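J.: There's a structure below that I have some questions on.
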Amino acid sequence: MLKVENVTKYYDNIKAVDNLSFEVKDGEIFGLLGVNGAGKTTTFRMITGLLDKTEGEIYFNGKKIDYNVTDKIGFLTEERSLLTKLTVEEIAHFYGGLKSMTEEEINKRLDYLLNKLEITEYKTRKIKELSKGNQQKIQFIMAIINSPKLLILDEPFSGLDPLNIELFKNLILELKNEGTSIIFSSHRMDHVEFFCESLCILVKGKTVLKGNLKEIKEKYMKKNIIINGDVIKEELEQIKGVLKVIKSANDYIVNIENKEVTPKVFDYVKTKKNITKFVVEEPTLNEIFIEKVGEKYDK
Amino acid sequence: MTNKLKLLIKDGLKKKINTKWFKIVNIILLIVIPLIINIDNIIKFFGGDFNEPVNIYVIDNTNEFYNNLSTKYKDMDTLIGSSDIKIQKAKKTKEELTKQIKKEESKDLILEINNDNGIYTASLTSYDYVDSITVTLLTQALNSTKMQLALEESDIDIDELNEINAPIELTRNYLTDELDENYELMSYISGFIIPMFIIPFFLLIIIVTQMIGAEINEEKSSKSMEIIITSVSPKIHFISKIITSNIYAILQSLLFVLYFIIGIFIRGQITGTKITDSFGTELSEMLNTFIKSGMLNEILKCIPWVIIMIILSFIAYSLLAGILASMTTNQEDFQQLQTPLMILIMVGYFIAILASTYEKSTFIIILSVIPFLSSIIAPVLLIIGQIGIMEILIAIFLLLITIYILIKYGSRIYKVGILNYNTNNLWKKMLKSLKTKD
C-alpha cells in the first residue's frame, strides 16, 4: 500500500505541491488528475525518489521509499524514456537488470509481455525503428517488466489506437488483479472513469477534490431527470421540489432541487402511459473536472 | 547496489564498444598506425626519383683533392643519414659527362676543382636544382680539404698534423656536485619526449570528456535518465559514468599500443629495420647515448608517479565533464560548456611545451601543482627533471583534494542537474544544490 502523507514540495519560492495526502491500497487504481503544471509529475518524481520532498513523507508497505524499495516500482513517464539505439531485448535486459532481475526472469517476462501486446516480432529490432505506438508499447513493457507492486502510469495511452488501448487496459487490469497498486494519470477522463475507484484532482499543487469516484459523482449529481412519454409539463411543475421543466424536441428535462425529489417524480411518471425514457442524469468526470478546475482558476 | 553499478558499467562499455563507429575507427587506426610506422619503406617501395642514386663526378685537376675530399664528404653524409649520393672520380671528360647528364636529364653532378696559380677554385655543374644540404656538405668538405692540404704543405710532421686535425674534446666542469652532463641531453630529448607523452594524453582526455557529455546528454534528452534514476541513486549513476569512460580510455590506449607494436613487428619482419632507422643517424645515436647514459633508468623511476598523475587526472577531468554535462539540456549546450575545460587542457599543453625553453621557471613549477593544469605539466616536468618527488606529491595531494570536492559537491549538482530541463537560473539552481544533503 502506498501512503502519501502531507507532502509539500517547493521549487525556490514556488509551491509545486501543497500538503498532498492520499493512499493507494493493494490492487487499487488511483487517479491523480490535474491540468499541465498542476504538480502531478513532481508528485510522481517524489514517489519514485527522483526528487526530495520539502515536507511530509511517503511510505510504501509501511516503509519510507528509498533505493531498497524502488525495485518494486514501475514508472511509465508521459514522454518517451527509451534508449532508442538499443534493441527491445537489450533495453529489457538493461531496465530489468536495474530492477535486480535475473537474465532468465527478464527473458521469461519479456516474452510474455511481447506476446500479450502482440509485438513478438520486434524483440530484436532497435527502438528507433519502431512506430510511435509500438514504442509506447515497449515503454509500457519496460515499466512493468519487474511485475511491480506499485505502478505509476502517466498518460499510458498516448499515441495508441483503440485496439491497442484495449490491449493495455487488459494488462492494467491483470496487474490490478495481481495486487499491484496503480496510480493513473490521464487527461482522458473516460479512461480515468473506467479504471479508478478513487482519485485526487490537483490545481496548482493544491488538492481541490479527493475521494471515492462513486461518492464524488453522487455529490456532484446533476439535478436533472430526462423523461420521454405522455407527461404534462404543468403537472410536473406542481411536484414539490421540482424547480423547472423544459420541453426539448423529444424529451422533458426536469430540474429538481435534490435527489430526494427523484422518487416523487418517478411516482408521478408511473401513472402515465407510453413512458420510454426515465434517466436520472449523472455528471461525467469530465464535467466534474472542468467544474472543479475552472472553479479554482476563477478564484 | 554494487551489482547495479557493475551492470551500469558493463552496459555502458558494451554500448560504446558495440557501436559501428568504435569498430570503424579502430579498423582505420589498425591500418593507419602500422602504415605511419612503415611510411619510409612504403614510400621507397612505390619508387620515385629519390631512389635514383646521385653520382658526384669529381674532376680533380689539382690531383691533390679527391682522396681527402671524398673521405670527408662520405663522413659528413653518413652523419646526416643520407646514403643515396656516391662521390667518385670522373673517368670521362667534362664535356662527355655534360653531354651524358643532359641526355639522360640525370641528377648527377660534376664537381671540377682547379688550381690557378696557387688559388683553388671549384665549380659544380648540374642539369637541375641541387638540394642545399648537398651543396653545403660539398662546400664544407672542399674547405676542410683545402685546410688539410695547406697544413700538409707546411713542415709539420705527421703526428703533429694528426693532432691538429683531431677534434677538440670539450671537457665539462660543473660547480654543483650532483650535476651530470648527460642531463643536458634532456633538453634535446625533451623536445622529442614531450609531444610523445602529451599528444596521446591530450587526445584521450578530450575523448573521455566528450564521451561522458554525449552519454549523459543522450540519457537526459531521451528521458531514460528518469527511469534509470528510479532504480539507482544519482551518485551511483555518476560514478558508473566516470568508471566506464576511464575503462574505455584505458582500453583505447591499450589498442593504440597494440597497433604500434603491430607496426613495429611488421617493420622488423618485412624490412628488418628498426623504428629508429627512420629518425636519422644523429637522433638514433643520441637515443643510444641517452639509453646508455642511465637516463632511461631515471625516467623509468618516474613512471609510477606519472601513472598515478594520469589516472587521477582522468578521474578529475571525467568528474568535471560529468557535472557540466548534467547541467546542460542538449549536446550543443555541453559543447559550449566544455570550452573552459578544453582551455584548461590547452593551457597545460602549451605550458608543458614551454617548460623545456623556460627551464626551472618558478611560474611553471607553481602551475605544475595546480589541479587540472598539473595533469600534463607535472608529469612532463618530472620526466625532464625540472621537478622532484616533493612537487609531484604536492600535485597528487591537491588533485586528490579536488577529486574529493568534486565527488562530494559535484554529485549534488549532478542529482539536480540530470532532472533539470530548463536552462533558466541554471547557476542559481546549481549553487542551491550545493546546500542540499547527499
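J.: ³J(HN,Hα) across segment B:84-95 via Karplus (A = 6.51, B = -1.76, C = 1.60, θ = phi - 60°), whole Hz, x for Gly/Pro?
T.: The phi angles translate into 8, 10, 10, 9, 8, 6, 5, 9, 10, 7, 4, 5 Hz.
J.: Would you mind telling me the antiparallel percentage of the DSSP bridges in chain B, rounded to 5?
T.: The answer is about 45 percent antiparallel.
J.: Could you work out, for the protein assembly as shown, what percent of all Cα-Cα pairs fall into each 10 Å distance bin, beginning at 0 Å and stopping at the bin that holds the largest distance?
T.: Histogram of Cα-Cα distances, whole percents per bin: 2, 10, 15, 15, 13, 11, 9, 7, 6, 5, 4, 2, 1, 1, 0, 0.
J.: What does segment A:2-217 give for Rg and for Dmax, in Å, if only its C-alpha atoms count?
T.: Radius of gyration, then largest Cα-Cα span, for segment A:2-217: 17.0, 50 Å.
J.: Then there's this: When DSSP assigns beta bridges and you keep just the ones with both residues in chain A, what percent turn out antiparallel, to the nearest 5?
T.: If we restrict to bridges inside chain A, about 65 percent are antiparallel.
J.: Continuing with the same structure: For segment A:1-86, what log10 I(q)/I(0) values come out of the Debye formula at q = 0.11, 0.13, 0.24, 0.25 1/Å, with one point per alpha carbon and no solvent?
T.: Rounded to two decimals, the profile gives -0.32, -0.45, -1.36, -1.43.
J.: How big is the convex hull of the Cα atoms of segment B:52-165, per residue, in Å³?
T.: So the per-residue Cα hull volume is 105 Å³.
J.: Using Cα springs under 10 Å in a Gaussian network model of chain B, which residue among B:Ile229, B:Ile413, B:Ile376 shows the largest mean-square fluctuation?
T.: B:Ile229
J.: Within 10 Å of each Cβ of A:77-87, how many other protein chain Cβ atoms are there on average?
T.: Partner-chain Cβ atoms within 10 Å, mean over residues of A:77-87: 4.
J.: Given the pairs B:Lys220/B:Lys432; A:Lys126/B:Lys429; A:Lys53/B:Lys15; A:Lys99/A:Lys169; A:Lys149/B:Lys6, which are separated by over 27 angstrom at their Cα positions?
T.: With Cα atoms farther than 27 Å apart: A:Lys126/B:Lys429; A:Lys53/B:Lys15.
J.: If you split all Cα-Cα distances of segment A:222-281 into 10 Å bins from zero, what percentages do you get per bin, shortest first?
T.: 25, 65, 10
J.: Quick check for segment A:222-281: number of Lys pairs with alpha-carbon distance under 13 Å, counting only pairs 8 or more apart or on different chains?
T.: The number of close lysine pairs in segment A:222-281 is 8.
J.: Moving to a separate point now. Could you tell me the largest-minus-smallest coordinate of the C-alpha atoms of chain B on each of the three principal axes, in descending order and whole angstroms?
T.: So the three principal-axis extents are 98, 58, 40 Å.
J.: Now, a different point. With Rg and the Kirkwood Rh both taken from Cα atoms, where does Rg over Rh land for segment B:291-355?
T.: Ratio of gyration radius to Kirkwood radius: 1.18.
J.: Let me ask something else. Mind counting lysine pairs for me in segment B:52-165? Cα separation below 16 Å, and the two need to be 8 or more apart along the chain or on different chains.
T.: The number of close lysine pairs in segment B:52-165 is 13.
J.: Starting from a Cα-only point model with no solvent, please compute log10 I(q)/I(0) by Debye for segment B:319-438 at q = 0.11 1/Å.
T.: Results for segment B:319-438 at q = 0.11 Å⁻¹ read -0.47.
J.: Cut-off 17 Å, label point 7 angstrom out along Cα-to-Cβ of A:Asn6: give me the residues of segment A:30-61 whose amide nitrogen falls inside.
T.: A:53-59
J.: Comparing A:Asp18, A:Asp190, A:Asp26, which has the greatest mean-square fluctuation in the GNM of chain A with Cα pairs linked when under 10 Å apart?
T.: Ranking A:Asp18, A:Asp190, A:Asp26 by mean-square fluctuation puts A:Asp190 first.
J.: Could you give the semi-axes, largest first, of the ellipsoid that matches segment B:389-431, computed as the square roots of 5 times the alpha carbon gyration tensor eigenvalues and rounded to whole Å?
T.: Equivalent ellipsoid semi-axes, largest first: 32, 9, 6 Å.
J.: Taking the Cα centre of each part, how many Å lie between segment B:190-266 and segment A:88-124?
T.: Cα centroid of segment B:190-266 versus Cα centroid of segment A:88-124: 30 Å apart.
Throughout, read-outs are computed from the coordinates displayed, never taken from laboratory work. Note that the structure is predicted; figures quoted are calculated from it, not measured. We place every Cβ from the backbone using ideal geometry, glycine too, and count neighbours over all the protein chains shown.
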